[in-house]
Amino acid sequence: MGGVDDKSLTENSAATNRTSLWGGRFAGGPSEALARLSVSVQFDWRLAPYDIAGSRAHARVLAGAGLLTPDELGRMLAALDDLEAACASGEFRPTVEDEDVHTALERGLLERLGTLGGKLRAGRSRNDQVATDLRLYLRDHARGVAARLIELADALADQAGAHVDTPAPGMTHLQHAQPVTFGHWLLAHVHPLLRDLDRLRDWDARTSVSPLGSGALAGSSLPLDPAGVAKELGFARPAANSMDAVADRDFVAEFLFITALIGVHLSRLGEEVVLWTSQEFGWVELDDAFATGSSIMPQKKNADIAELARGKSGRLVGGLMSVLTMLKGLPMAYDRDMQEDKEPAFDAVDTLELLLPALAGMIATMTVRVERLAAATPVGYSLATEVADWLVRKGVPFREAHEVTGKLVALCAVRECELDEVSDEDLTLVSPHLDPSVRDVLSVRSALAGRTTPGSTGPGPVADQLVSVNEQLADWRQWAAEVVVPR
């Protein structure tokens with residue numbers, strides 16, 4: 001359920017306390033300026049299904065404590081079901097008088113139950129409600145983000161499988177360094193996504209704590225059952241400290257750190273796709289469905305998805321900075337500053353759910369120009385390390401081998417030739433250690449074939465790596481499909 005788009009919810013909202021959850025102490029309503037500043041229902045309305053789930057669990061706890069009769073509980077649960085359906089269909093919506101999602105839903109319950117609806121407020125506060133709702137929302141949507149990450153990882157792995165032995169000019173400092181296989185390069189973008197998935201699961205285990213029952217900050221004198229509520233809502237355990245439960249937003253900050261790091265990983269991938277598709281590189285051709293043109297230059301084909309991945313990383317990093325800055329000076333327990341935690345969290349979810357499918361489609365449909373990659377691979381003396389390693393295998397200390405190879409490269413630069421084009425006489429001139437048999441290692445194929453250690457770029461290790469990656473992604477698909485929030 002998304003947020004409320006109607007900006008009128010933030011306008012003319014000063015007037016009345018009819019639906020307020022806190023007006024009894026006050027002789028009059030809030031000023032228009034305060035009401036407009038305080039209202040959050042335009043963005044926290046998406047928490048409605050999670051708030052209703054918490055209300056069901058709380059209603060059962062109140063019944064267990066003897067504060068609702070069996071008949072009242074039945075009527076309460078039926079009304080909550082009806083309210084949830086009305087929210088989902090759009091029949092029930094917040095109004096300008098509703099300060100937040102909790103206020104709106106209590107109004108909906110009172111409309112259905114009359115005074116009985118007011119009994120549900122006993123033993124809980126908006127402080128523990130919103131902390132619970134946000135945990136439920138993020139745990140639920142973390143699975144959705146994970147599923148989209150898996151789709152992108154699958155697309156990269158599929159492309160890697162098609163290019164296990166396709167040579168490419170591996171780079172450091174954006175300069176030609178050593179030959180690699182393009183499959184190895186693509187899988188290098190999968191492993192950060194696997195770490196992101198691991199972080200999400202690790203985060204979820206820490207976030208599986210229920211604040212409900214903590215009240216405003218001190219718990220409740222009513223005989224509630226925090227453990228029972230936690231179990232019903234899919235949490236592993238109830239909170240151990242009621243003050244910490246309502247003050248804790250570590251789970252939001254940590255979630256935003258993970259999404260910011262995901263954004264950084266997507267930005268690095270996007271930057272490489274921008275390079276690969278440029279005229280200067282020309283290694284990859286994007287499918288027309290995942291590229292754009294220019295309004296003035298008919299020849300242009302732009303990698304806009306990749307560029308937007310770079311751009312939106314700043315948005316994700318900014319959300320993390322916003323929440324960390326908001327939290328850094330807060331005393332215990334709940335403070336209204338915490339209203340600012342939700343929009344960055346919601347925006348991070350929305351951004352990734354929008355961006356990741358587009359990236360996955362772009363990667364899945366791109367065409368790798370194998371000939372261009374192969375032609376670029378030996379350029380820039382990228383086989384120089386093979387010469388140094390060849391000398392080491394002949395017993396030359398690496399320090400000397402490095403110097404000899406450097407002199408060979410310098411000679412080639414002067415002669416404007418490649419390493420394999422140096423004459424036998426010039427090899428001997430550079431060093432007595434060099435002889436014509438060095439040509440055995442002066443090919444891209446031999447360089448790649450020699451990389452046989454696990455994790456290296458040779459076709460064999462890359463094929464093994466691909467098997468491992470696909471096995472891990474199969475496990476992650478199961479985790480992403482888990483239902484953590486009861487429906």
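The values are calculated or read from the model by the stated rules, or taken from the named source; none is laboratory data. Everything quoted here is computed from the prediction, not taken from an experiment. Using ideal geometry, Cβ is built from the backbone for each residue, glycine included, and neighbour counts are taken over all protein chains shown.
Go through segment 37-83 and give me each residue that's hydroxyl-bearing (Ser, Thr, Tyr) and part of a helix (DSSP H, G or I).
Result: Ser38, Tyr50, Ser55.
Please give the helices (runs of 4 or more DSSP H) falling wholly within segment 417-487 in which 1 or more residues are in contact (Cβ under 8 Å) with a residue 24 or more places away in the chain, closer than 19 Å to Leu373 by Cβ and among the basic types (Lys, Arg).
Because the criterion is at least 1 residues that are in contact (Cβ under 8 Å) with a residue 24 or more places away in the chain, closer than 19 Å to Leu373 by Cβ and among the basic types (Lys, Arg), the helices (runs of 4 or more DSSP H) in segment 417-487 that meet it are 444-449.
Taking into account only those residues within segment 344-369 that are among the hydroxyl-bearing types (Ser, Thr, Tyr) and within 19 Å of Lys301 (Cα to Cα), which is surrounded by the fewest Cβ atoms within 10 Å (Cβ to Cβ)?
Thr367
In segment 161-174, is there at least one residue being in a helix (DSSP H, G or I) and under 18 Å from Gln472 (Cα atoms)?
yes
Just one of (1) more than 26 Å from the chain's Cα centre (by Cα); (2) touching a residue at least 60 places away in the same chain (Cβ under 8 Å); (3) surrounded by fewer than 19 Cβ atoms within 10 Å (Cβ to Cβ) trips up Asp287, so point out which.
With (1) more than 26 Å from the chain's Cα centre (by Cα); (2) touching a residue at least 60 places away in the same chain (Cβ under 8 Å); (3) surrounded by fewer than 19 Cβ atoms within 10 Å (Cβ to Cβ) applied to Asp287, the lone miss is (1).
Residue check: is Val483 among the β-branched types (Val, Ile, Thr) and at pLDDT 90 or above?
Judged against the criteria, Val483 is not a match.
Does Gly144 satisfy being more than 22 Å from Leu217 (Cα to Cα) and part of a loop (DSSP other than H, G, I, E, B)?
Answer is no for this residue.
List pairs: first in segment 366-380 and farther than 12 Å from Phe182 by Cα, second charged (D, E, K, R), Cβ under 7 Å, 6+ apart or cross-chain?
From residues that are farther than 12 Å from Phe182 by Cα, the pairs are Met366/Glu285; Met366/Asp287; Thr367/Glu285; Pro378/Glu418.
So which residues in segment 431-466 are β-branched (Val, Ile, Thr), within 15 Å of Val387 (Cα to Cα) and in contact with a Ser or Thr (Cβ under 9 Å, 6 or more places away or on another chain), if there are any at all?
If the condition is that a residue be β-branched (Val, Ile, Thr), within 15 Å of Val387 (Cα to Cα) and in contact with a Ser or Thr (Cβ under 9 Å, 6 or more places away or on another chain), then Val444 is the only one that fits.
Determine, yes or no, whether Gln299 is assigned to a loop (DSSP other than H, G, I, E, B), in the same structural domain as Ala142 (by TED's automatic domain parsing), polar (S, T, N, Q) and more than 25 Å from Ala155 (Cα to Cα).
Here the answer is yes, as Gln299 does meet what is asked.
Within segment 378-388, can one find any residue that is out of contact with any helix residue (DSSP H, G or I) (no Cβ under 9 Å at 6 or more places or on another chain) and either farther than 16 Å from Pro167 by Cβ or surrounded by fewer than 16 Cβ atoms within 10 Å (Cβ to Cβ) (or both)?
yes
I need the full set of residues from segment 443-487 which are closer than 30 Å to Ala48 by Cβ and surrounded by 13 or more Cβ atoms within 10 Å (Cβ to Cβ), in order please.
Trp476, Arg477, Trp479, Ala480, Val484, Val485
Surrounded by fewer than 20 Cβ atoms within 10 Å (Cβ to Cβ) and either within 30 Å of Asp198 (Cα to Cα) or in contact with a Lys or Arg (Cβ under 9 Å, 6 or more places away or on another chain) (or both): which single residue out of Gly270, Gly319, Gly282, Gly263 fits that description?
The unique qualifying residue is Gly282.
Per-residue answers, yes or no, for (1) buried (at least 24 other Cβ atoms within 10 Å of the Cβ); (2) out of contact with any Asp or Glu (no Cβ under 7 Å at 6 or more places or on another chain):
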{"site": "Gly108", "(1), (2)": "yes, yes"}
{"site": "Gly114", "(1), (2)": "no, yes"}
{"site": "Gly118", "(1), (2)": "no, yes"}
{"site": "Gly123", "(1), (2)": "no, yes"}
{"site": "Gln129", "(1), (2)": "yes, no"}
{"site": "Thr132", "(1), (2)": "yes, yes"}
{"site": "Tyr137", "(1), (2)": "no, yes"}
{"site": "His141", "(1), (2)": "no, yes"}
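Check whether at least one residue in segment 204-220 is assigned to a loop (DSSP other than H, G, I, E, B), surrounded by fewer than 16 Cβ atoms within 10 Å (Cβ to Cβ) and not assigned by TED's automatic domain parsing to the domain that holds Asp140, and report yes or no.
Yes: segment 204-220 contains one or more residues that are assigned to a loop (DSSP other than H, G, I, E, B), surrounded by fewer than 16 Cβ atoms within 10 Å (Cβ to Cβ) and not assigned by TED's automatic domain parsing to the domain that holds Asp140.
Is it the case that segment 175-192 has a residue that's under 27 Å from Phe235 (Cβ atoms) and surrounded by fewer than 21 Cβ atoms within 10 Å (Cβ to Cβ)?
no
Mind telling me which of the residues Glu343, Glu307 ends up being modelled with pLDDT of 95 or more, in a helix (DSSP H, G or I) and farther than 27 Å from Trp45 by Cα?
Just a single option satisfies the conditions, and that option is Glu307.
Here are some conditions: (1) surrounded by fewer than 21 Cβ atoms within 10 Å (Cβ to Cβ); (2) at pLDDT 85 or above. Asn12 meets all but one. Which one does it not meet?
All conditions pass for Asn12, except number (2).
Within segment 234-248, how many residues turn out to be buried (at least 24 other Cβ atoms within 10 Å of the Cβ) and not aromatic (Phe, Trp, Tyr)?
Qualifying residue count for the region: 2.
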